[in-house]
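Any read-out appearing in this document is the output of simple, stated calculations on the displayed coordinates, not a laboratory observation. What you are looking at is a predicted structure, and each value in this text was computed from that prediction instead of being measured. A quick note on method: Cβ atoms are made from the backbone with ideal geometry, for glycine too, and the neighbour counts reach across all protein chains shown.
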Amino acid sequence: MEGNIKLTYQDKSYEFPLVKGSQDEYGIDIKQLRAKTGLITLDPGYKNTGSCQSDITFLDGEKGILRYRGYDIEDLAQNASFIEVAYLLIFGEMPSAQILKDLESKIHDDSYVDEDLKSILKSFPKSAHPMGVLASLTSGLIAFNPSSVDVNSEDEMFEAIVLLLAKFPILCAWTHRKVKGLPLNYANTSLNYIENVAHMMFKKPHQEYTPNPIVINALNKLLILHADHEQNCSTSTVRIVGSSHAGLFASISAGISALWGPLHGGANQAVIEMLEAIKIDGGDTAKYMEKAKDKNDPFRLMGFGHRVYKNFDPRARIIKKAADEVLNDLGIKDPVLDIAKNLEEQALSDPYFIERKLYPNVDFYSGIIYRAMGIPTEMFTVMFALGRLPGWIAQWREMRLLNEPIGRPRQIYTGATSRKIDK
Ligand code: SDX
């Protein structure tokens with residue numbers, strides 16, 4: 001502990017310990033607040049509330065720093081594979097070549113799902129949003145893998161984690177195949193993790209599939225950049241559902257539903273829809289900047305702003321550069337990229353955005369790359385979920401290994417006081 005803070009209430013003085021993190025962040029440990037003072041705290045949206053201590057991901061919102069287990073995101077995006085980063089996030093260290101080989105072999109062995117899951121998929125209308133389909137299929141996976149539910153030992157957790165790392169990409173690929181009206185296919189054990197994602201998503205039934213290195217590189221980078229982000233909305237959902245011991249798959253299914261929201265992971269879809277609307281409306285970005293600033297207009301500049309980053313989201317910088325490279329390498333000219341850059345340029349010199357420290361976030365440019373790969377807009381958040389899977393798993397595992405108590409916040413009641421039914 002790092003000293004105490006004093007609280008005075010009704011002429012009594014109370015002391016609460018300070019907690020210091022490895023990056024010199026401080027928090028007030030209020031575990032005894034209600035027992036000592038009868039008071040609770042009130043913090044809608046948890047803007048000032050830490051839910052846990054964690055060793056997994058560090059963000060510095062003021063400096064625009066993001067690190068997974070101490071490694072800078074720039075370093076990982078440039079020099080690591082997604083499956084290496086997944087192992088790092090979940091188990092804390094970069095895997096040796098042998099560990100990586102064993103993990104990929106286990107994943108290959110488990111890269112199939114019960115054929116009955118296809119009938120769950122087939123029961124959805126083609127118009128179903130892929131995030132709703134994915135959340136249902138992930139929940140459905142429990143029925144075919146009951147051993148993954150009641151896991152308590154590290155070995156049992158490891159087995160459930162490998163099952164999910166192996167099967168989740170199939171479910172994501174199948175939601176894509178459903179949208180595109182393509183037959184469902186499986187991984188090819190001669191390909192690596194990312195190549196298999198592309199293979200399962202893009203292979204045409206009448207052609208051999210050769211992974212395009214530009215697409216594979218971009219996918220690898222995008223999934224790494226989305227892999228974890230400390231206690232965001234969907235990760236907090238995974239942790240609180242997991243704290244009831246509902247099991248890993250059920251916790252991840254809940255996280256998928258939280259990520260779906262346009263204020264969270266659904267923003268990548270909302271960004272492209274916004275950019276398309278601006279393009280159709282003649283590309284008048286100034287008009288939409290004014291709408292974003294108008295309190296009477298519900299329009300927000302999607303892909304802008306962040307609860308933690310009050311500086312550039314480091315992921316947005318990397319994705320913006322990758323968008324230029326991928327479109328150039330694929331020989332694609334996408335006018336919405338120019339519209340996005342124009343909006344960014346205006347926002348960075350606009351007092352409304354500067355005062356509120358609103359910068360492009362991870363969702364602002366990512367959809368432009370997914371679009372260039374031929375991924376439909378409504379699939380963008382599924383790609384976010386595929387990237388975020390290892391982070392969700394890591395956070396769930398940390399919470400379970402720490403044996404954290406079931407999450408159950410308090411409230412301040414403001415409703416009717418005691419009253420009787422008039423008979
Ligand atoms: C993700 O938490 C994470 O780490 C999430 C994530 C991850 O990796 O898990 O990073 C992924 O979810 C990124 C965020 C994607 N969402 C969007 O791009 C949607 C658009 N952004 C906003 O809805 C908003 O910025 C949030 C939701 C991201 C953050 O909201 P906050 O922290 O609750 O901030 P706020 O709504 O209180 O806004 C503060 C001020 C307000 O103005 P005032 O009332 O002070 O005058 O900024 C304004 C807001 O109106 N504002 C915006 C704006 N975002 C905030 N105004 C116009 N356009 C915007 N995008």
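Structure notes:
- Counted charge near Lys203, where neighbours are those whose Cβ lies closer than 12 Å (Asp, Glu -1; Lys, Arg +1): +1
- From least to most packed, judged by other beta carbons within 10 angstrom and beginning with the fewest, Arg69, Arg239, Arg388 follow the order Arg69, Arg239, Arg388.
- Gaussian network model of the chain, springs between alpha carbon atoms under 10 Å - residue of Thr381, Thr37, Thr189 with greatest fluctuation: Thr37
- For Ile406, net neighbour charge (Lys/Arg +1, Asp/Glu -1) across residues whose Cβ lies under 14 Å away: +3
- Gyration tensor (alpha-carbon) shape descriptor, the chain, a/c threshold 1.5: oblate
- Net +/- balance of residues flanking Ser243 in space, Cβ distance below 14 Å, scoring K and R +1, D and E -1: +2
- Here the spin labels are modelled as points 7 Å beyond Cα on the Cα-Cβ line, and at Ile421 and Lys126 they lie 5.2 nm apart.
- Ordering of 193-201, 339-347 by packing [mean C-beta count within 10 Å, highest first]: 193-201, 339-347
- Per-residue packing, averaged as other Cβ atoms within 10 Å, sorts the ranges 276-282, 264-270, 10-16 into the order 264-270, 276-282, 10-16, beginning with the highest.
- Note on Tyr309, Tyr71: ascending count of other Cβ atoms within 10 Å places them as Tyr71, Tyr309, the fewest first.
- The order of Phe144, Phe364, going from fewest to most other C-beta atoms within 10 Å of their C-beta, is Phe144, Phe364.
- Cα centroid separation - segment 40-87 against segment 261-319, whole Å: 23
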